[in-house]
Amino acid sequence: MINQLKDLFRRRELIWILIQRNLKIRYKNSALGVCWSLLSPLFLILIYSVFLGLIRVPIHLPTLVSGIIVWQFHALCLGDSLHCILGNANLVTKAAFPRIILPLSMVGANAVNFFFSFLVLLAYLLVAGTSFGPVWWLPLVVLTHLALSLGLSLIAGSANVFFRDTEHVLSVVMLAWFFMSPVIYEPNMITEAFPAWVQWLFFANPMSGLLTAYRQTLLSHDPVGLEYIALSFAVCWAVLGVGLLVFRGAEPRFGDEL
């Protein structure tokens, strides 16, 4: 593991080049280019503000917007992971480099988009007069989020090389996962209504703890027990470990399948 990290560090310029390439591909032929990373969350906030104001639904807008922006990063990473190996068949079969750089650079490119979206979210929360929570916790939350996204991307990207139905299965899984996670609702709907074993099961979903941690940090929400968030974070890092093992086992056979 240490040697692999050293190898990735030596190839950091290649990783950055691939991140830039992924960003250029995303905004190819776009007049505004990377500015859409700022405009998309801004339009999202405006649309939800107008829509919720018209139908008068008692939903806390900062809670909803923060949940959707966090989920979008997660969903983009998983969606792009399906083609991070398949879409780079020429590189995989003809060049010698650690293949993990491909999903890593994909997550990095989406992290750049997420960074700009997060800046818009922070500006909106400041304008809305939101009380921030323990912001010093934010780096750990983001790092854990990146670990989960990379781990799942390694698994999904590897699986799609061998099983081309992975894309269709993932679309169904992501829809179910969205509603099983507190994206458009708050976790207290679960913690206050169900027994302890259901709460533990709910926070075994890593996105439950991540979304809760983001909101406690950004919105100063009523705290959920740290033991629940710790469970979600442990699952995130475990997923990264499993993803590394799956990718390492599948990597030697990529060339035969592409």
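The values are calculated or read from the model by the stated rules, or taken from the named source; none is laboratory data. Bear in mind that the values here come from a model prediction, so they are computed numbers and not experimental data. Counting neighbours? That spans all protein chains shown, and the Cβs are built from the backbone with ideal geometry, glycine included.
Annotations
- Beta carbons closer than 8 Å, at least 6 apart along the sequence or on distinct chains, pair a first residue in the stretch 84-104 that is under 14 Å from LEU244 (Cβ atoms) with a second that is loosely packed, with under 14 Cβ neighbours inside 10 Å and of a type in the set (S, T, N, Q) for PRO98/GLN4; ILE100/GLN4.
- Failed item in (1) assigned to a helix (DSSP H, G or I); (2) of a type outside the set (Asp, Glu); (3) within 30 Å of LEU46 (Cβ to Cβ), with GLY129 passing the rest: (1)
- The listed residues are LEU122, LEU143, LEU154, LEU138, and the only one of them that is in a helix (DSSP H, G or I) and under 12 Å from the mean Cα position of the chain (by Cα) turns out to be LEU143.
- Filter result for CYS77 (within 24 Å of PHE9 (Cα to Cα), modelled with pLDDT under 90 and within 19 Å of the chain's Cα centre (by Cα)): no
- The residues of the stretch 157-169 that are within 20 Å of LEU245 (Cβ to Cβ), outside any loop (DSSP other than H, G, I, E, B) and hydrophobic (A, V, I, L, M, F, W, C), listed by number, are ALA159, VAL161, PHE162.
- SER149 vs. criteria surrounded by 14 or more Cβ atoms within 10 Å (Cβ to Cβ), touching a Cys at 6+ places or on another chain (Cβ under 6 Å) and among the small types (Gly, Ala, Ser): yes
- Residue count for the stretch 206-258, restricted to those that are surrounded by fewer than 19 Cβ atoms within 10 Å (Cβ to Cβ), outside any helix (DSSP H, G or I) and of a type in the set (A, V, I, L, M): 1
- The set of residues in the stretch 207-258 being of a type in the set (A, V, I, L, M, F, W, C), within 30 Å of ALA128 (Cα to Cα) and touching a residue at least 40 places away in the same chain (Cβ under 8 Å) consists of MET207, LEU210, LEU211, ALA213, LEU218, LEU219, PHE233.
- You will find that of LEU121, LEU82, LEU102, the residue that is modelled with pLDDT of 85 or more, within 21 Å of THR144 (Cβ to Cβ) and either buried (at least 20 other Cβ atoms within 10 Å of the Cβ) or among the small types (Gly, Ala, Ser) (or both) is LEU121 and no other.
- Residue tally, condition over 23 Å from LEU152 (Cβ atoms) and part of a helix (DSSP H, G or I), over the stretch 174-205: 7
- No other residue among PHE179, PHE132, PHE194, PHE163 is more than 18 Å from ALA234 (Cβ to Cβ) and either within 20 Å of the chain's Cα centre (by Cα) or surrounded by 18 or more Cβ atoms within 10 Å (Cβ to Cβ) (or both) apart from PHE179.
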